[in-house]
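Read the structure below first, then the notes.
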């Protein structure tokens with residue numbers, strides 16, 4: 001007689017503000033494949049450094065091989081911890097992709113325990129991925145520029161690092 005499945009769940013009551021972020025990188029050219037492979041060790045190092053508020057991370061999710069489309073899933077204690085890290089080194093260097101993508105496209109989708117979702121797609125439009133497959137796309141300018149304003153969160157943002165403000169990128 002086959003054994004029953006050990007069906008389990010988790011008690012997330014100790015994590016009322018948990019944030020889960022899916023991130024992806026898609027190569028759009030041969031140069032993009034090189035860019036992705038070069039970023040892999042940097043991303044692994046960033047997660048292994050266990051920034052404050054990072055509960056767990058999973059890298060090397062393969063969305064597709066052709067075109068090469070890799071991803072990761074990171075679990076944060078709360079939005080404030082995730083935002084502090086996103087505005088610090090090494091992440092702020094990765095924002096250079098807005099100036100030159102190196103033949104890649106980057107995206108993230110963020111999900112909040114207390115409700116709310118947001119996403120950004122930089123150079124990942126065709127074929128669409130995630131929310132893009134069913135929701136209308138809008139330009140990421142003005143109130144759609146940052147995750148904080150896309151979520152309509154109170155304006156208690158950490159200071160924006162030099163060189164990554166909206167006016168510096170466009």
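Annotations
- Within the range 128-140, being free of Cβ contacts under 8 Å to residues at least 60 places away in the same chain, within 18 Å of residue 105 (Cβ to Cβ) and not in a helix (DSSP H, G or I) holds for 128, 135, 137, 138, 139, 140.
- Out of 47, 32, 102, one residue alone is over 15 Å from the mean Cα position of the chain (by Cα) and either more than 23 Å from residue 125 (Cβ to Cβ) or assigned to a loop (DSSP other than H, G, I, E, B) (or both). It is 102.
- Neighbours by Cβ (under 8 Å, 6+ apart or cross-chain): first from the range 107-119, at positive phi; second modelled with pLDDT of 95 or more and assigned to a strand (DSSP E or B): none
- Taking the criterion of being in contact with a helix residue (DSSP H, G or I) (Cβ under 9 Å, 6 or more places away or on another chain) and within 30 Å of residue 128 (Cβ to Cβ), the residues of the range 36-54 that qualify are 39, 42, 43, 46, 54.
- Within the range 55-71, being farther than 11 Å from residue 20 by Cβ and touching a helix residue (DSSP H, G or I) at 6+ places or on another chain (Cβ under 7 Å) holds for 59, 68, 70.
- Pick from the range 63-76, criterion surrounded by fewer than 17 Cβ atoms within 10 Å (Cβ to Cβ) and in contact with a strand residue (DSSP E or B) (Cβ under 6 Å, 6 or more places away or on another chain), ranking: farthest from residue 27 (Cα to Cα): 75
The values are calculated or read from the model by the stated rules, or taken from the named source; none is laboratory data. Keep in mind that this is a model prediction, so the values were computed, not measured. Here the Cβ is made from the backbone with ideal geometry for all residues, glycine too, and neighbour counts use every protein chain on show.
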